[in-house]
Amino acid sequence: MTFGYDATAAFSKSVADIEDHARDLLYSLEEVRSSRNANRPLVLVAHSLGGHVIKQSLVIAARESRHRCIVDSTVAVVFFGTPHQGSDYANNVTSIANALGAITFKPTATLLEALKFGSPKLKLLTDQFVALAEQRQFNIVSFYETKAIGWKLVVTKASALLTPPGAVYTFRELQIPVPADHRGVCQFASQDDRTYKAFVGSVIQALHGDQEVQNEYFLISQSANPNFTGRADVQELLDNNLVKNTYMREQDQEIFVLYGLGGSGKTQVSLKFAHDHRNDFFGIFWIDASSVATAQQGFIKIARACKQKETIKAIKTWLADKERWLLIIDNADDPSLNLSQYIPDANTGTIIITTRCPEHRKYASRVSNSYRVDQMDPEDAVSLLLKMALLNVADENARGNAMPVVKALGYLALAIVQAGATLRQQLCSLESFCDVFVHQKRLLLEAGGMPDDYQNSIYTTWEMSVHQIEVLSLTDSSATYALELLQTFSCLHFDGIREETFERARINKFDYDDEHMFVATATCSMMPSGWSPLVFAKALKVLLDFSLITVDESRRISMHPLVHEWSRERMTLDKRTFAWESAVSTLAMSLPWKYTGWDPHYHGALFPHIEACLSAAEGNKLMFADASKARERFIMVDKFAKLFEAVWQYKRALDLHDSNLRLKQLTQLPNDPSVLYTMRRQAECLCGLYRFEEAARCQEQVLMLADQPNCRILSEDLHTLLLFNIKRELADIYTTLGQFEKALAALEEVMHACNQELGAKDPCTRKISQSLACCKYSMCRFAETVKLQEEIVKDDPSANNKHALAMTYFALGQKAKAFTIQREILQGVTVVLGEFHPRTLQCKTFYLAAGRYRDTGKLKARENHLEVVIANLGEVHLVTRQHMANLTDVYMDYCLFEKAIKIQERAVEIGVKTLGHEHPSTRDSALKLKELENKLKKALRIRGFYRVIGQFLKINTRSKLKST
């Protein structure tokens, strides 16, 4: 409770008025405590003059029997800045009252005299209290200020302490300085405040410091691992919530839930707590709740040891009548298990529950009484491994070799213990462990056997979880779906699996025939009418109940790397094949048949999972095998490659196209549209890799195959459209190669034919117009280019078309128009694609180039952008070279010739490497470099000339001064 009073009234006349408030405090305490246990330990805390009220109340309580229960229950008194010996500030005593929030008053002469340092009246009260404290052995804590208000301390250290220098009392006074003034001495910024921690610690010490319970029963069937290492966070939480902070809670029974993946160390944490706090409990008991039978057996053992009736109810009743006992309910992993049947119905005792089921957190006595036991701290994991292996923990070389081992084990406690046993028996060396572990995980971990402190190996622990789900699946379809999801997840990347992937796949399923791989998955069979988030959530809950997966707030699913690996390796070949097909078809089905543009929030998250499927042992074997459903796998690879192209990862996309083409050529006609599509994508990727001559040869071969009369297509119109697109793409490559006349002739020919066949407004015709405008731009025919591009933008105001128009405006000197367009494009692209998408980086490069004439972005911003571009795209990327050219021009504007030359030299090197010496772009870069070098020489000559003139003027001035 809190007790307040008006300091003005309390001290308005004399110290004698304190007694009235002291009695008021006593009556208030008795009223509050009468409704509860009147003998509960009492800690009194006071600030400043309130300390005198508390001292007076305890002196009265000791003297008068009707208040005796108050002094009998008092175990500690905490003073914050109480002037026990008076204060030199008595001449300005208003400040002390104001520190308590009192209204300013005019102190009487009597009061001033009573509060002065060395006041007889204060000395009498303090002496009476000190005598009482010695008799009752109160724990006294005195906090004193170290900062002044105004010109001096309100309460000095000497006055704030009950024990004067040199005095010896039998009671213990803890003296704590506070870096605050008189007002702030009892104010805490947060629970991390040093003064707050000291205050709480002192109270805990007063309540429990010297109390030690006689431990009568220690019924633990397992011993804690003597090499127990780390876990300081959960140990501190258990200490604070179950032992130290008992005085703060409203209910006496504490229930703490430790949950997490099997093998994470939950049981060892609870055993460590039990051994460390053996003398804090009269009895410590343990039951194995892995089944009803083992739990009953555990209670029977307790009954026999304590000579009680051998029933769970009898033991619960017996414990309910006791205080300060600890019951560990271990391995309570069954989600359907009702743990209430094992918890005594009482307001006493402490219970720790260990479980893999996060749902069991509902049994915790409060929200803060649960903890997810997860991966160990890396340094602690290294120490545990070396201890178990009997190696020197302090050896830096050994620690360095151990770090990759514990990382490979996912910092999982039980796996590290098993690995240490293997190393201790010299079945493998620390240096070679990782190499062997890659190929023989289970064999290597279990080779050393299990330490006596553990019942099961890490893999056995997880197998038990899956076995329970398999039993559940006999009656629950959600468990059946959960088992399939576990297998599917094992073929994806272990982190960041999205529920959205399965949702999109189920929705897009209607775009495909019923023979697709995805149709065979439970995601389809369990949701016959379409996507059902409830069905998916129920299946996830089964896996969550055994902590085999975790799900964050954004519904992203993750698995521990070892669980991920184990769940894949435990499957038979047939099951692994089905799981891989389920995973890869789900990924592919989540992408629509027609590419609808880049979604940074979804598409970007797919790459780790696509790579996991393709790089798995089954990846190349199944994806590119000449087997059934080949057409379906063609489409999958085309979709995945298109995603890689979207982020300009052309090398990875080209690898996929190459593998896909080899399979297509085995099963399809040479000029099948599917084959021609892949070859066209190959040419596109080769252009992205600056291998333009190879791209031209590839595209020429595509044109030759497509132009054959026996080309298998759906209709004559589609064949014509295909030819127009192939010719346009080939002409674009010629433009890039600098073969402008050849490109222009091809484009004008196909433009004429397309206008006649399809009309001027057809999308194919527009694309040819864009290519024609690009070719004329490259030939510096800007006036013709701008007319074409303005017509194109009028019909199709896309970002690409606007950008092309802005570039032409810039070339024509219409920089304001160019800048406005580029700014609009950059804003739109950033919102859609994100800040670091290659297209966004390209748009920002053009934006900075367009804004050069108005000094937009400044020099530093352009230099920073180059670093970002290189970090994301690499030095040889087209966008990087474009920004290098832009930055070179800006350096020239600032007359920074040396920097400009350095950038341009690198640009020439890259041009030679990617385009060759004869490419027009390379030649232009080389000419620009020579121009820069000439300008630098000229600038140096001018600088030297002015330096000579300056020296001459300086000497001439000195001569005149001397003559003067």
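The values are calculated or read from the model by the stated rules, or taken from the named source; none is laboratory data. The structure displayed is predicted, hence computed values, not measured ones. A quick note on method: Cβ atoms are made from the backbone with ideal geometry, for glycine too, and the neighbour counts reach across all protein chains shown. All accessible areas refer to the heavy atoms of the entire protein, side chains included, with ligands and DNA or RNA removed. Shrake-Rupley method; radii C 1.70, N 1.55, O 1.52, S 1.80 Å.
Restricting attention to region 686-712, which residues are of a type in the set (D, E, K, R) and modelled with pLDDT under 85?
Across region 686-712, the qualifying residues are Asp707, Arg712.
Go over the candidates Glu254, Glu216 one by one and state the one that is at pLDDT 80 or above, surrounded by 12 or more Cβ atoms within 10 Å (Cβ to Cβ) and under 37 Å from the mean Cα position of the chain (by Cα).
After applying the criteria, what remains is Glu254.
When the residues of region 1-34 are narrowed to those that are open to solvent by 50 Å² or more (accessible area, probe 1.4 Å) and modelled with pLDDT of 80 or more, which ends up farthest from Ile60 (Cα to Cα)?
If we take residues in region 1-34 being open to solvent by 50 Å² or more (accessible area, probe 1.4 Å) and modelled with pLDDT of 80 or more, then Val32 is farthest from Ile60 (Cα to Cα).
Restricting attention to region 398-406, does a residue exist that is closer than 27 Å to Ile220 by Cα, at pLDDT 85 or above and open to solvent by 30 Å² or more (accessible area, probe 1.4 Å)?
no
Within the set of pairs 6 or more residues apart or between chains, which connect a residue that is farther than 21 Å from Glu645 by Cβ and open to solvent by less than 70 Å² (accessible area, probe 1.4 Å) inside region 687-712 to a residue that is at pLDDT below 95 and hydroxyl-bearing (Ser, Thr, Tyr) with Cβ atoms less than 7 Å apart?
none
Filter region 36-69 down to residues that are out of contact with any strand residue (DSSP E or B) (no Cβ under 7 Å at 6 or more places or on another chain) and over 16 Å from Gln85 (Cα atoms), then give me how many there are.
17
Can you tell me which condition Ile315 does not meet? The list is (1) in contact with a Cys (Cβ under 8 Å, 6 or more places away or on another chain); (2) more than 26 Å from Gly410 (Cβ to Cβ); (3) at pLDDT below 90, and all the others hold.
The number of the failed condition is (3).
Which number in (1) open to solvent by 60 Å² or more (accessible area, probe 1.4 Å); (2) at pLDDT below 80; (3) not polar (S, T, N, Q) marks the one condition that Lys930 misses?
Single failed check for Lys930: (2).
Kindly provide the set of residues from region 321-345 that are crowded, with 17+ Cβ neighbours inside 10 Å and farther than 21 Å from Lys272 by Cα, ordered by number.
Asp334, Pro335, Leu337, Leu339, Tyr342, Ile343, Pro344
Would region 515-538 turn up any residue that is of a type in the set (Gly, Ala, Ser) and over 30 Å from Phe634 (Cα atoms)? Walk me through how you get there before you give the answer.
As a first pass, look at region 515-538 and keep what is of a type in the set (Gly, Ala, Ser): 520, 522, 525, 529-530, 532, 537.
Remaining after also requiring over 30 Å from Phe634 (Cα atoms): 537.
Yes, the conditions are met somewhere in region 515-538.
Ile507 is checked against (1) farther than 30 Å from Asp334 by Cβ; (2) open to solvent by 30 Å² or more (accessible area, probe 1.4 Å); (3) within 29 Å of the chain's Cα centre (by Cα) and fails just one. What number does that condition carry?
With respect to (1) farther than 30 Å from Asp334 by Cβ; (2) open to solvent by 30 Å² or more (accessible area, probe 1.4 Å); (3) within 29 Å of the chain's Cα centre (by Cα), Ile507 is out only on (3).
Checking Asn671 against (1) closer than 29 Å to His719 by Cβ; (2) open to solvent by 40 Å² or more (accessible area, probe 1.4 Å), which test does it fail?
(2)
Does Ala314 satisfy the criteria of being free of Cβ contacts under 8 Å to residues at least 12 places away in the same chain, part of a helix (DSSP H, G or I) and surrounded by fewer than 22 Cβ atoms within 10 Å (Cβ to Cβ)?
Details: free of Cβ contacts under 8 Å to residues at least 12 places away in the same chain: yes; part of a helix (DSSP H, G or I): yes; surrounded by fewer than 22 Cβ atoms within 10 Å (Cβ to Cβ): yes.
Yes; evaluated as a whole, the condition is true for this residue.
Here is a check on your reading of the model: is Asp330 among the acidic types (Asp, Glu) and under 26 Å from Asn227 (Cα atoms)?
Yes; evaluated as a whole, the condition is true for this residue.
Restricting to region 167-184, name every residue that is open to solvent by less than 50 Å² (accessible area, probe 1.4 Å), closer than 20 Å to Asn139 by Cα and at pLDDT 85 or above.
Ile176, Val178
Please give the helices (runs of 4 or more DSSP H) falling wholly within region 723-826 in which 2 or more residues are within 26 Å of Lys844 (Cβ to Cβ).
The helices (runs of 4 or more DSSP H) meeting that bar are 763-778, 782-795, 799-811.
Restricting attention to region 544-595, which residues are assigned to a helix (DSSP H, G or I), of a type in the set (A, V, I, L, M) and over 23 Å from Val519 (Cα atoms)?
Listed by number, the residues that qualify are Leu544, Leu562, Val563.
State all residues of region 317-369 that are of a type in the set (Gly, Ala, Ser) and assigned to a helix (DSSP H, G or I); if no residue qualifies, say none.
Those that are of a type in the set (Gly, Ala, Ser) and assigned to a helix (DSSP H, G or I): Ala320, Ser340.
Checking the conditions here, which among Leu423, Leu474, Leu483 is open to solvent by less than 40 Å² (accessible area, probe 1.4 Å) and either at pLDDT 85 or above or touching a helix residue (DSSP H, G or I) at 6+ places or on another chain (Cβ under 6 Å) (or both)?
Sole residue among the options that is open to solvent by less than 40 Å² (accessible area, probe 1.4 Å) and either at pLDDT 85 or above or touching a helix residue (DSSP H, G or I) at 6+ places or on another chain (Cβ under 6 Å) (or both): Leu483.
Residues are listed down the side, and each one gets a yes or a no for (1) within 27 Å of Glu700 (Cβ to Cβ); (2) at pLDDT below 90; (3) polar (S, T, N, Q); (4) open to solvent by less than 60 Å² (accessible area, probe 1.4 Å):
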| residue | (1), (2), (3), (4) |
| --- | --- |
| Glu729 | yes, no, no, yes |
| Gly738 | yes, yes, no, yes |
| Glu748 | yes, no, no, no |
| Phe782 | no, yes, no, yes |
| Pro797 | no, yes, no, no |
| Asn801 | no, yes, yes, yes |
| Gln827 | no, yes, yes, no |
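Of all residues in region 42-77, how many are assigned to a strand (DSSP E or B) and among the small types (Gly, Ala, Ser)?
Looking only at that region, the number is 2.
Could you list, in sequence order, all residues of region 287-311 that are among the charged types (D, E, K, R) and open to solvent by 40 Å² or more (accessible area, probe 1.4 Å)?
Lys301, Arg304, Lys307, Lys309, Glu310
Quick one: is Ala394 farther than 23 Å from His560 by Cα and either out of contact with any Ser or Thr (no Cβ under 6 Å at 6 or more places or on another chain) or open to solvent by less than 10 Å² (accessible area, probe 1.4 Å) (or both)?
When the stated conditions are applied, Ala394 passes them.
Only residues that are outside any loop (DSSP other than H, G, I, E, B) and open to solvent by 10 Å² or more (accessible area, probe 1.4 Å): list them for region 370-383, please.
Within region 370-383, the subset outside any loop (DSSP other than H, G, I, E, B) is 370-372, 378-383.
Ser370, Tyr371, Arg372, Pro378, Glu379, Asp380, Ser383 - these are the residues of region 370-383 that are outside any loop (DSSP other than H, G, I, E, B) and open to solvent by 10 Å² or more (accessible area, probe 1.4 Å).
Across region 257-268, what is the total count of residues that are touching a Ser or Thr at 6+ places or on another chain (Cβ under 8 Å) and either in a helix (DSSP H, G or I) or surrounded by fewer than 21 Cβ atoms within 10 Å (Cβ to Cβ) (or both)?
Residues that pass the stated criteria total 2.
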